[in-house]
Amino acid sequence: MKKADSDLEYFENEANALKEYPKSRFLEVVQDVGFECDFCGKCCTHAFNDHVYLLKDDVSRLLEIDSNALMPSPYFDFCDQDGRFYVSGYSLKTQSDDVGSCVFLENNRCRIYDKRPLICRVYPYMIHREEDDSGSYDWREISGLNEHGLYGAEMNENEAAEIYEITKKYESGYINQEIEFLKAVSNHFEKNKLKHIPKVYDKRIRDFEKGEIVTVFVYYNGIFHEHQTQK
């Protein structure tokens, strides 16, 4: 599939770029920013952070806690000629309040804090490249800067180095999960004589947006798991 090949090339390039990312830059940025959580709970809401994408190890752990807390990640990657979607992983469900709080958020505190997903442990730190409003494509290390939390806290180099290691672990895990998915979905489509049809994708997305139930295959642990989901 052309789309899968293109996406695979992108993530392989990102994997190589991440290997070359200078640790010293990250340490300088995070120490300069000095982020400190003020327990506002913003990062745990759909309104502020859209969705929480889970790595394979997160899913394995959360399945033991509450399997009903998981849903197919909301941005589907592919759609076959029969209108079935394919996506690279799971996300956390949200509550039905005004801001879409995480299913595990209660009184602005996480009910599974010690077992929370890796992205939650990392946030607001990141190490990936994005295009800014001016069209410049460069590394970003902090998400939601000046939109939540406190700034200017003192942070020594050892603390910054620990944050760097766990952040790089997440970013690397995410990229590798995407690469594994793209290879698997290409093989699955070829083996089963399936095709990614953009027109079918667009139609089924419109159906999904209208509230129709759609079939989504979620890639987890080397297998495509079938789900019926509704917005």
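The values are calculated or read from the model by the stated rules, or taken from the named source; none is laboratory data. Note that the coordinates shown come from a computational prediction; the quantities given were computed from them, not determined experimentally. So basically every Cβ, Gly included, is an ideal-geometry build from the backbone, and we count neighbours across all protein chains shown.
Among the residues of region 152-172, write down those that are farther than 10 Å from LEU27 by Cα and free of Cβ contacts under 8 Å to residues at least 12 places away in the same chain. Answer for region 152-172, where residues must be farther than 10 Å from LEU27 by Cα and free of Cβ contacts under 8 Å to residues at least 12 places away in the same chain: just GLU165. For region 185-220, the set of residues classified as farther than 22 Å from ASP7 by Cα and part of a loop (DSSP other than H, G, I, E, B) consists of LYS210, GLY211, GLU212, ILE213, listed by residue number. Here ASN108 clears all of (1) out of contact with any strand residue (DSSP E or B) (no Cβ under 7 Å at 6 or more places or on another chain); (2) over 21 Å from GLN177 (Cβ atoms); (3) modelled with pLDDT of 95 or more except the condition numbered (3). Inside region 35-60, residues that are surrounded by 14 or more Cβ atoms within 10 Å (Cβ to Cβ) and either over 25 Å from ASP97 (Cβ atoms) or aromatic (Phe, Trp, Tyr) (or both) make up a count of 5. How many of the residues making up region 127-141 are within 16 Å of PRO22 (Cα to Cα) and either without any contact (Cβ under 8 Å) to a residue 12 or more places away in the chain or surrounded by fewer than 18 Cβ atoms within 10 Å (Cβ to Cβ) (or both)? Total meeting the criteria: 5.
Of all residues in region 111-164, which are over 23 Å from LYS56 (Cβ atoms), aliphatic (A, V, I, L, M) and under 17 Å from the mean Cα position of the chain (by Cα)? The answer is ILE142, and nothing else.
If only residues of region 85-116 that are in contact with a Lys or Arg (Cβ under 8 Å, 6 or more places away or on another chain) and not in a strand (DSSP E or B) are counted, the one that is farthest from VAL52 (Cα to Cα) is LYS115.
In region 156-168, of all residues being surrounded by fewer than 17 Cβ atoms within 10 Å (Cβ to Cβ) and in contact with a helix residue (DSSP H, G or I) (Cβ under 7 Å, 6 or more places away or on another chain), the one that is farthest from TYR90 (Cα to Cα) corresponds to GLU157.
Considering only residues that are aromatic (Phe, Trp, Tyr) and touching a residue at least 60 places away in the same chain (Cβ under 8 Å), look in region 40-89 and name the one that is farthest from LYS195 (Cα to Cα).
PHE48
Counting only helices (runs of 4 or more DSSP H) that fall entirely inside region 4-77 and contain at least 2 residues that are farther than 30 Å from ASN156 by Cβ, the qualifying elements are 46-49, 56-65. On the stretch given as region 140-178, residues that are closer than 24 Å to HIS46 by Cα and not in a helix (DSSP H, G or I) total 12. Of note, ARG121 does not satisfy the criterion of being charged (D, E, K, R), surrounded by fewer than 19 Cβ atoms within 10 Å (Cβ to Cβ) and in contact (Cβ under 8 Å) with a residue 60 or more places away in the chain.
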